[in-house]
Amino acid sequence: MKNSKYIVLITLFLFYIQMPLMAQESTCEPNAENRIRIVDENLPNAYTCYMEMRRGWFSKKLGTGMLIHPRVVLTAGHNTAFYMFSKSFPFVASSVQNATMYFGSIDKDNYLVKQSVRLKTGKTKFFNSAYWVNGHISRDFSIIILPDDSVYNAVGGHYVLKPVKTTEDIEGPIHLTGSPGNEAVHEIWTEESQNFKISSSKLSYDLFTAPRNSGSPVWTLNNEGQYQVVGVHSRKDNSCNASVLINDETYNQIVEWCKQAGIELK
């Protein structure tokens, strides 16, 4: 009986901490027909990048990222981080070694600027440990440090990063812009929705995603006319797609990583 009591208490506690702080409609029915393919230069597509990454010796991984500073790209942790079991040789302990990013990508022949970076942990890439743990979407984000501000100069700006706590901090509909794996490589698609909810560390929504959307910016056009990132798409969580929420903890971690790289994030 005593053990059963503890199990009930633990279950109730876990349920409580997963409850949303504030929410709009909570149904999750993603529909690919709601997306729009980006076929010309526009903002904030220019700040979004289709990414090709090499893990191990030969394995290529694809994803999405976003420019949040003249020299900083934000993406999903599982795009860049250490991975215990690689499908390529060597078969274990492989890590992403380089990334090539195409900003403002429309197709394989049309994009604004291309940037390749050699990735080294603690120098040009930063990520949380144990980012892959089931349910720990809050840890699934990373940053890549660019060698200079040439990308920024080419695209003319970047997404704004500010911490949010509740849905009241998100102005207007949310948008997800990225490179879905069910479409041709280099293509960027976007969708908007008013259907989202926030828990303490993640943002859930009914936006359609597919592999390669990992790291896609979830953004809103705020009252100051800025393209503000509110989440970094991670994966499906229960019935909804979900992202890392840009809350105080996430924001402060990104600021700290930037500081370690000699960059002041404003």
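The values are calculated or read from the model by the stated rules, or taken from the named source; none is laboratory data. Since the model is a prediction, treat every value here as computed from it, not as a measurement. So basically every Cβ, Gly included, is an ideal-geometry build from the backbone, and we count neighbours across all protein chains shown.
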- Message: Let me spell it out: the conditions are (1) of a type in the set (A, V, I, L, M, F, W, C); (2) surrounded by fewer than 21 Cβ atoms within 10 Å (Cβ to Cβ); (3) touching a strand residue (DSSP E or B) at 6+ places or on another chain (Cβ under 8 Å), and PHE196 meets all of them except one. Which number is the exception?
- Response: (2)
- Task: From THR64, THR80, THR75, grab the single residue that is modelled with pLDDT under 90 and either buried (at least 22 other Cβ atoms within 10 Å of the Cβ) or not aliphatic (A, V, I, L, M) (or both).
- Result: THR80
- Residue satisfying all of: in segment 158-186; part of a loop (DSSP other than H, G, I, E, B), at pLDDT 95 or above and in contact with a Pro (Cβ under 8 Å, 6 or more places away or on another chain); farthest from GLY215 (Cα to Cα) among these: HIS158
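Which of the residues that make up segment 110-122 are over 13 Å from THR80 (Cα atoms) and either hydrophobic (A, V, I, L, M, F, W, C) or modelled with pLDDT under 95 (or both)? Write out each step before concluding.
Keep residues of segment 110-122 that are over 13 Å from THR80 (Cα atoms), which gives 110-116.
Residues satisfying the conditions are LEU112, VAL113.
So how many residues does segment 219-266 have that are outside any helix (DSSP H, G or I) and farther than 16 Å from HIS78 by Cβ?
Kept after step one, since they are outside any helix (DSSP H, G or I), are these residues of segment 219-266: 219-247, 261-266.
Checking the rest, the ones that are also farther than 16 Å from HIS78 by Cβ come to 219-230, 238-240, 245-247, 261-266.
Matching residues across segment 219-266 total 24.
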- Task: Mind telling me which of the residues THR250, THR166, THR220 ends up being over 24 Å from LYS123 (Cβ atoms), among the polar types (S, T, N, Q) and crowded, with 19+ Cβ neighbours inside 10 Å?
- Result: THR220
- Message: From the list ASN238, ASN252, exactly one residue is at pLDDT below 95 and more than 23 Å from ASP109 (Cα to Cα). Which is it?
- Response: ASN238
- Is there a residue in segment 166-183 that is over 15 Å from THR250 (Cβ atoms), touching a helix residue (DSSP H, G or I) at 6+ places or on another chain (Cβ under 8 Å) and of a type in the set (S, T, N, Q)? yes
- Query: Are there any pairs with C-beta distances below 9 angstrom linking a residue in segment 165-182 that is under 28 Å from MET51 (Cα atoms) to a residue that is of a type in the set (A, V, I, L, M, F, W, C) and loosely packed, with under 15 Cβ neighbours inside 10 Å, with the two at least 6 apart or on different chains, and if so which?
  - Reply: SER179/VAL185; PRO180/ALA32; ASN182/ALA32
- Which members of segment 200-216 meet the condition of being crowded, with 20+ Cβ neighbours inside 10 Å, small (Gly, Ala, Ser) and in a loop (DSSP other than H, G, I, E, B)? SER214, GLY215, SER216
